[in-house]
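Structure record follows, encoded as structure tokens.
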Amino acid sequence: MPKLTPLPLVILAGALLITACSSTRRNPELAYVERPVEQLYNQGTDRLDRRDYTRAKLFFEEVERQHPYSEWARRAMVMSAYASYRSRDYTTSITGAERYLSLHPGGSEAEYAYYLIALNHFDQITDVGRDQATTESARNALLEVIRRYPESEYARDARVKLDMVNDQLAGKEMTVGRWYLRSNQTLAAVNRFRKVVTDYQTTSHSEEALHRLVEAYLTLGLRDQAVVAGATLGHNYPGSDWYQMSYRLLTNEGLNPEAVDETTRRTFLQRLIPGGK
């Protein structure tokens with residue numbers, strides 16, 4: 001939940017009426033009974049605490065309906081989006097957060113609204129065997145939180161989630177790259193493995209990607225690139241099993257990755273990653 005200024009606890013008097021708009025509609029609505037804004041808002045947070053997210057959302061929407069120009073209405077917009085998120089209605093939650101940002105881009109709840117959008121995308125990530133469009137959306141939304149609010153607690157959490165997202169995207173590239181390699185589409189495989197090394201070099205997949213580059217370059221007869229890729233792997237992951245496999249492949253071809261000088265290795269890496277070491 002977003003951090004909001006502490007609000008006074010309001011004791012509710014009387015029962016709150018909830019009715020269906022018609023027998024054909026699934027979503028209930030609050031019957032219009034004029035109430036103080038604090039009462040409506042606090043009843044919404046009370047429903048959140050009870051995990052009654054559908055009714056919580058109704059109370060926050062009622063805040064907007066009855067008191068549209070109040071500060072509470074602005075807060076209620078974000079809380080309604082949060083209630084939708086907790087009920088896994090991700091599309092509605094994203095729409096609500098985006099609506100808040102379009103109306104109140106500089107509002108005190110904007111930071112959380114951006115974070116909430118990222119959470120909605122993050123929670124919908126599927127396994128690497130499926131399309132990763134949602135994962136890309138999560139990555140972009142997390143980066144937006146970090147860019148806009150780099151010192152915030154939301155940015156700290158976004159960085160942790162971003163590492164997980166990058167690992168997921170790298171895993172997808174590796175899955176496709178391995179398939180290309182098995183299918184003798186070696187150039188296509190090289191492009192996938194290079195993408196892992198350039199875009200996701202801090203993930204758990206980067207060392208395998210370098211080993212697969214050694215394999216692919218040897219298949220293509222690109223011996224110089226293969227030995228430098230192996231040297232880069234050995235420099236960054238000297239004790240890894242992937243390097244041991246690359247070392248055996250290269251030495252079987254009469255190539256010694258440990259003989260590659262630092263300048264050659266750096267030049268190769270900088271071609272992949274500007275500023276790479």
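Yes or no: residue 90 open to solvent by less than 70 Å² (accessible area, probe 1.4 Å), among the aromatic types (Phe, Trp, Tyr) and modelled with pLDDT of 55 or more? Lay out the reasoning, then the answer.
Values: open to solvent by less than 70 Å² (accessible area, probe 1.4 Å): yes; among the aromatic types (Phe, Trp, Tyr): yes; modelled with pLDDT of 55 or more: yes.
Here the answer is yes, as residue 90 does meet what is asked.
I'd like the full set of residues that are surrounded by 13 or more Cβ atoms within 10 Å (Cβ to Cβ) and among the aliphatic types (A, V, I, L, M), limited to the stretch 101-123.
Our first condition is that a residue be surrounded by 13 or more Cβ atoms within 10 Å (Cβ to Cβ); within the stretch 101-123, this holds for 101, 104, 107-123.
Correct list: 101, 110, 113, 116, 117, 118, 119.
Can residue 126 be described as β-branched (Val, Ile, Thr), part of a helix (DSSP H, G or I) and surrounded by fewer than 22 Cβ atoms within 10 Å (Cβ to Cβ)? Walk me through it before giving the result.
Working: β-branched (Val, Ile, Thr): yes; part of a helix (DSSP H, G or I): no; surrounded by fewer than 22 Cβ atoms within 10 Å (Cβ to Cβ): yes.
Spelling it out, it is not the case that residue 126 is β-branched (Val, Ile, Thr), part of a helix (DSSP H, G or I) and surrounded by fewer than 22 Cβ atoms within 10 Å (Cβ to Cβ).
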Out of 99, 47, I need the residue that is of a type in the set (D, E, K, R), in contact with a helix residue (DSSP H, G or I) (Cβ under 7 Å, 6 or more places away or on another chain) and over 30 Å from residue 140 (Cβ atoms). Which one?
47
Any chance you could count how many residues in the stretch 208-240 are of a type in the set (Asp, Glu) and either open to solvent by 40 Å² or more (accessible area, probe 1.4 Å) or in a loop (DSSP other than H, G, I, E, B) (or both)?
2
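Name the residue, out of 116, 58, that is of a type outside the set (Gly, Ala, Ser), within 28 Å of residue 150 (Cβ to Cβ) and assigned by the TED database to the domain that holds residue 150. I'd like the intermediate steps shown before the answer.
Values: 58 fails: within 28 Å of residue 150 (Cβ to Cβ).
Going through 116, 58 in turn, just one is of a type outside the set (Gly, Ala, Ser), within 28 Å of residue 150 (Cβ to Cβ) and assigned by the TED database to the domain that holds residue 150: 116.
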May I ask you to list the residues in the stretch 62-81 that are touching a helix residue (DSSP H, G or I) at 6+ places or on another chain (Cβ under 6 Å) and either closer than 18 Å to residue 119 by Cα or not in a loop (DSSP other than H, G, I, E, B) (or both)?
62, 63, 64, 72, 73, 76, 77, 78, 79, 80, 81
Say whether the condition of being under 18 Å from residue 201 (Cα atoms), at pLDDT below 90 and in a loop (DSSP other than H, G, I, E, B) is met by at least one residue in the stretch 241-261.
no
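Would you mention how many residues in the stretch 175-193 are touching a helix residue (DSSP H, G or I) at 6+ places or on another chain (Cβ under 6 Å) and under 18 Å from residue 246 (Cβ atoms)? Walk me through how you get there before you give the answer.
We begin by selecting, within the stretch 175-193, every residue touching a helix residue (DSSP H, G or I) at 6+ places or on another chain (Cβ under 6 Å); these are 176-177, 180-181, 186, 188-190, 192-193.
Narrowing the set further to residues that are under 18 Å from residue 246 (Cβ atoms) leaves 177, 181, 186, 189-190, 192-193.
Count: 7.
The values are calculated or read from the model by the stated rules, or taken from the named source; none is laboratory data. In this text the structure is predicted, and so the values were computed from the model without any measurement. As a convention, Cβ positions derive from the backbone with ideal geometry for all residues, glycine included, and neighbour counts pool all protein chains shown. For accessibility, only protein heavy atoms count, side chains too; no ligands or nucleic acids. Shrake-Rupley method; radii C 1.70, N 1.55, O 1.52, S 1.80 Å.
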